Amino acid sequence: MLVYQDLLTADELLDNSFPINKELVDGVLWEVEGKWVTKEPVKVDVAVNRPADKGDPDFSVHDEPKKVIDVVDTFQLQEKSVVTDDATLVDTVKKYVDNLTPKVSADRQAHIKKNFHAAIKYLSGKVKDRKLYVGESMKDECAPVFCYYKEGTTNPTFVYFADGQPKAELAD
């Protein structure tokens, strides 16, 4: 299995079970389709030395099924905010790119710099209610993962910065 981790925090953000649908802005961004799924409840039996024949109350814990977004649930992404204005979007991306560029090769630094404005334009062209997710650690320098809904769809689309996602090979 191929796992993509945040280069700055090592948070797992994606794996190859969620295919990259498109490379955008000359390979600076990746687009991944998510979907709403029903997460089945977990039944936990909390055995508390109760006699089986006494008819004691049920001490097991019952969760209800709930709907979750597969990408968010699988990688424990944390919703940080809703990015409703372009100024916040630019600040978020600029801060991330400033932290990321020293960690990548000189060629990739130039590539990111060259395509920075196109990436911002692509992201700002999406609906105004872009959700921003970050990895499980929620560190300040976390890679932003943007989520939006394409017109007429009920499943979310996620946008990742490709250079912030080095691949790690894990045994299946």
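Using C-alpha pairs below 8 Å separated by at least 6 residues, the relative contact order for region 82-172 is 27 percent.
Are any of the pairs Lys94/Lys150; Lys67/Lys128; Lys95/Lys150; Lys67/Lys103; Lys67/Lys95 more than 29 Å apart by Cα-Cα distance, and if so, which?
Numbers: Lys94/Lys150 24 Å; Lys67/Lys128 24 Å; Lys95/Lys150 26 Å; Lys67/Lys103 37 Å; Lys67/Lys95 33 Å.
Violating the 29 Å Cα-Cα cut-off are Lys67/Lys103; Lys67/Lys95.
Note on Lys103/Ser137: beta-carbon distance plugged into 1/(1 + (r/R0)^6) with R0 of 22 Å gives a FRET efficiency of 0.85. Averaged over residues, the count of other Cβ atoms within 10 Å places the peptides 129-141, 6-18 in the sequence 6-18, 129-141, highest first.
Taking 0.36 nm per intervening residue step and subtracting the Cα-Cα distance, what contour gain separates Thr154 from Glu31 on full extension? List each step's numbers first, then the result.
Working: separation 123, 0.36 × 123 = 44.28 nm, distance 1.60 nm.
Roughly 42.7 nm would be gained on extension.
Rounded if a/c is under 1.5, else prolate if a/b is larger than b/c, else oblate: which is region 105-169, with a ≥ b ≥ c the root eigenvalues of its Cα gyration tensor? Because a/c hits 1.5 or more and a/b fails to exceed b/c, region 105-169 counts as oblate. Once backbone amide H atoms are built at 1.01 Å from N, Leu24 has Leu29, Trp30, Glu31 as its partners under 5 Å, excluding neighbours fewer than 5 places away on the same chain.
What is the extension gain from Glu64 to Asp129, computed as 0.36 nm multiplied by their sequence separation minus the C-alpha to C-alpha distance, in nm to one decimal?
Working: separation 65, 0.36 × 65 = 23.40 nm, distance 2.87 nm.
The span from Glu64 to Asp129 would gain 20.5 nm if fully extended.
Bear in mind that the values in this text are calculations on the coordinates, not laboratory data. Treat the numbers as computed from the prediction; the structure is a model and nothing was measured. Note that each Cβ is placed from the backbone with ideal geometry, even for glycine, and that neighbours are counted across all protein chains shown.
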